[in-house]
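Everything on this sheet refers to the single structure shown next.
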Amino acid sequence: MTDLAILVVPPFSTLCNAAFALRREVFVWEQKVPEEEEHDHYDMTAIHYVAVASGEVVGTLRLIESEEHIKIGRVAVRMAFRGQGIARRMILSAMEASRQRGRDRFYLTAQSDKLGFYESLGFVAFGPEIIDGGMPHRAMRDYDKQSAVLID
């Protein structure tokens with residue numbers, strides 16, 4: 001996809017609200033995650049990314065910064081735009097921007113059926129499978145540390 005723009009957007013801006021709507025579409029409607037679990041207090045302080053194609057928000061993710069690492073989460077791509085590398089481009093863009101700020105340790109919890117995708121980005125699963133939003137997930141990190149501090 002050549003006309004894709006990846007942008008950082010402030011919480012509750014027009015583009016961020018479109019990202020929240022996309023998250024509801026993917027997680028709540030499509031994947032049946034309980035709505036009360038989809039939004040949390042991290043949305044107020046997270047760094048939100050959107051992917052815009054043809055004037056429409058087609059992808060989103062957020063970064064939650066902690067002292068130990070940056071957690072990548074809420075990665076979602078609109079169904080009609082999947083398989084075009086949008087999630088990969090968003091994640092790599094967010095990680096590169098973080099590295100430019102001196103942050104180079106990343107963590108996430110991946111839906112278990114998406115492990116291969118994150119492994120292709122250099123992440124390694126650790127710990128037991130957990131249930132999050134009614135679906136099996138595994139914790140993953142891209143650094144060689146024996147333990148990671150887990151944040152939701």
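Determine whether V52 is of a type outside the set (G, A, S), within 19 Å of K114 (Cβ to Cβ) and either out of contact with any Cys (no Cβ under 6 Å at 6 or more places or on another chain) or assigned to a helix (DSSP H, G or I) (or both).
no
Report, by residue number, each residue of the stretch 99-127 that is more than 14 Å from the chain's Cα centre (by Cα) and not in a loop (DSSP other than H, G, I, E, B).
Within the stretch 99-127, R99, Q100, S112, D113, G116, E119, V124, A125, F126, G127 qualify.
Please determine, by comparing only the residues of the stretch 26-42 that are free of Cβ contacts under 8 Å to residues at least 60 places away in the same chain and under 15 Å from the mean Cα position of the chain (by Cα), which one is farthest from D132 (Cα to Cα).
V26
Residues checked against (1) at pLDDT below 95; (2) within 23 Å of F123 (Cβ to Cβ):
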position: F20; (1), (2): no, no
position: V26; (1), (2): no, yes
position: E36; (1), (2): yes, no
position: I47; (1), (2): no, yes
position: V52; (1), (2): no, no
position: G59; (1), (2): no, yes
position: R62; (1), (2): no, yes
position: K71; (1), (2): no, yes
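Taking the stretch 137-152 as the search range and keeping residues that are surrounded by 16 or more Cβ atoms within 10 Å (Cβ to Cβ) and not basic (K, R), which one is modelled with the lowest pLDDT?
A148
Have a look at I72, I64, I91 and point out the one that is within 20 Å of A139 (Cα to Cα) and outside any strand (DSSP E or B).
Just a single option satisfies the conditions, and that option is I91.
Considering (1) surrounded by 14 or more Cβ atoms within 10 Å (Cβ to Cβ); (2) under 22 Å from G133 (Cα atoms); (3) of a type outside the set (A, V, I, L, M, F, W, C), say which one S93 fails and leave the rest.
Looking at each condition in turn, S93 falls short on (2).
In the stretch 115-136, which residues are loosely packed, with under 13 Cβ neighbours inside 10 Å and hydroxyl-bearing (S, T, Y)?
S120
The values are calculated or read from the model by the stated rules, or taken from the named source; none is laboratory data. These numbers come from a predicted model, not from an experiment. No Cβ is skipped: glycine too gets one built from the backbone with ideal geometry, and neighbour counts run over all protein chains shown.
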